[in-house]
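Quick one: structure below, then a few questions.
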Amino acid sequence: MQKLPSRSSVTSNVVWQDLYQAALFETDPNKVPERIAQAEQAILARFKELFVATHDHIEEDQVLDDALYALHALRNCVVSDVTAA
């Protein structure tokens, strides 16, 4: 029998997704680095939760990896724009 994720686990999953979307869709270039940092912290916290989880979470691990990669790319774009200006 597969163990269902806890309520706090589901909540933290929503939190990182909300922060991730806030970073991706931030329109103020001055706020983007802070939004990225917040999203990264939430994603890393989720990774830590999954590390000790007993249920299968391979797919979520991949989604988290992809999100971190996208944030890294966004950070590089923001830094490039700032240095070019």
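The values are calculated or read from the model by the stated rules, or taken from the named source; none is laboratory data. Because the structure is a prediction, the values reported are computed rather than measured. When we count neighbours, we look across all protein chains shown, and the Cβ atoms used for this are built from the backbone with ideal geometry, even at glycine. Calculation scope for accessible area: heavy atoms of the full protein, side chains included, ligands and nucleic acids excluded. Shrake-Rupley method; radii C 1.70, N 1.55, O 1.52, S 1.80 Å.
Heavy atoms only, 1.4 Å probe, whole protein assembly: order Phe51, Phe25 by accessible area, highest first.
Solvent-accessible surface, decreasing: Phe51, Phe25.
Run the simple label-point estimate for Glu59 and Glu34 please: 7 Å along Cα→C-beta, distance reported in nm.
Label-label distance for Glu59 and Glu34, simple model: 3.6 nm.
Just to verify a number: what accessible area does Leu71 come out at with the full protein assembly present, 1.4 Å probe, Å² rounded to tens?
Surface accessible to solvent at Leu71 totals approximately 0 Å².
Obtain the nm distance between the two label points defined at Thr27 and Ala73 by a simple spin-label model: each point lies 7 Å from its Cα along the Cα-to-C-beta direction.
For Thr27 paired with Ala73, the spin-label model returns 2.3 nm.
Using a 1.4 Å probe and counting only protein heavy atoms, arrange Asp56, Asp65 so the residue with the most accessible area comes first.
Asp56, Asp65
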